[in-house]
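The values are calculated or read from the model by the stated rules, or taken from the named source; none is laboratory data. Remember, it's a predicted structure, so these values are computed and weren't measured experimentally. Cβ: placed from backbone, ideal geometry, glycine included. Neighbour counts: every protein chain shown.
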Amino acid sequence: MRLENKLAVITAAASGMGRAGVELFLREGARVVAVDLNAEALADLAATVSAGDGRLATVVADLGTEEGARNSIHEAAGKLGGIDILWAHAGMPGPGPIEGLDMAHYQKAMSLNVTSAILGAAEAVGYMRKRQGGSIVFTSSISGLVGSMFSPIYSMAKFGIVGLGKSLAQSFAADGVRVNVVCPGLADTPMKTGFTGRGGNAAQAAENEKRLLSTVPMGRLARPEEVAHAVLWLASDDASFVTGVALPVDGGYTCR
């Protein structure tokens, strides 16, 4: 098993890619703390996924706040007895056009997409140093590699996550802590409609999805577990000499 006896924290873990990651990491032998704002979804995750062996715990936290982002890491470390792996996955689509920008919506998006990742890494790295190494994986997006004309705020945030990962990979290398970034394409998750739904009606959403898929050589959405498997590799010792990488999981979108 790739993660046997590893101590892993996954944020935004109650649905989509994060939930797929929890399931996969558990199968690969890790002990996992799943962090999410949605207490009901976390309870469902625990009831559905847990084998009753104590290897899965949950933390309810609002990662869009400084207190929630920082304290969730310490609470998770307390439940695990340390941290080897952090998958900082929390994010949201945020505003669309910048004309008439709702600054409250903007600040919320930046807090969740960027600040939560910075604070999570800042608090987790100390635990990793105590264990003489570790792995941080940030979730960016293809919109962090190629600018999005429809989601410029999201794209800006996700470009920032790529830069953060590359910078921290250098800062933390001497501590044996690797830092990498996964960049999913459009995926079949609950957040999908936050992007395809721009325009406000079902017909427009269907047209947006069709247009987006026409740019993907493999011609389909990513499955959550496909992204989770990429993160598993980055987080595991199989990638022991890999740091500072922004890995697209996008069906060929960024190779054009």
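In table form, for the structure just shown:
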{"item": "Helices (runs of 4 or more DSSP H) (entirely within the stretch 171-256) containing at least 2 residues that are crowded, with 16+ Cβ neighbours inside 10 Å, in contact (Cβ under 8 Å) with a residue 12 or more places away in the chain and within 18 Å of the chain's Cα centre (by Cα)", "result": "192-196, 224-235"}
{"item": "Residue among Gly78, Gly29, Gly82, Gly54 that is surrounded by fewer than 19 Cβ atoms within 10 Å (Cβ to Cβ), more than 21 Å from Ile161 (Cα to Cα) and touching a strand residue (DSSP E or B) at 6+ places or on another chain (Cβ under 6 Å)", "result": "Gly82"}
{"item": "Residues that are farther than 16 Å from Leu234 by Cβ and in contact with a strand residue (DSSP E or B) (Cβ under 9 Å, 6 or more places away or on another chain), drawn from the stretch 124-144", "result": "Val125, Tyr127, Arg129, Arg131, Ile142, Ser143"}
{"item": "Yes/no for Gly91 being in a loop (DSSP other than H, G, I, E, B), closer than 21 Å to Leu232 by Cβ, out of contact with any Ser or Thr (no Cβ under 9 Å at 6 or more places or on another chain) and touching a residue at least 12 places away in the same chain (Cβ under 8 Å)", "result": "no"}
{"item": "Identity of the residue in the stretch 110-159, assigned to a loop (DSSP other than H, G, I, E, B), hydrophobic (A, V, I, L, M, F, W, C) and at pLDDT 95 or above, that ends up surrounded by the fewest Cβ atoms within 10 Å (Cβ to Cβ)", "result": "Val146"}
{"item": "Only one of Ala30, Ala14, Ala39, Ala43 that is modelled with pLDDT of 95 or more, under 15 Å from Thr139 (Cβ atoms) and not hydroxyl-bearing (Ser, Thr, Tyr)", "result": "Ala14"}
{"item": "Residues within the stretch 16-41 that are of a type outside the set (Val, Ile, Thr), under 20 Å from Glu75 (Cβ atoms) and part of a helix (DSSP H, G or I), tallied", "result": "8"}
{"item": "Criterion violated by Asp62 - all others in (1) touching a Gly at 6+ places or on another chain (Cβ under 6 Å); (2) farther than 19 Å from Ala121 by Cβ satisfied", "result": "(2)"}
{"item": "Test: residue in the stretch 42-57 that is touching a residue at least 12 places away in the same chain (Cβ under 8 Å), within 18 Å of the chain's Cα centre (by Cα) and in a helix (DSSP H, G or I)", "result": "yes"}
{"item": "Filter result (surrounded by fewer than 24 Cβ atoms within 10 Å (Cβ to Cβ) and either out of contact with any Ser or Thr (no Cβ under 9 Å at 6 or more places or on another chain) or aromatic (Phe, Trp, Tyr) (or both)) within the stretch 32-49", "result": "Leu37, Glu40, Asp44, Ala47, Thr48, Val49"}
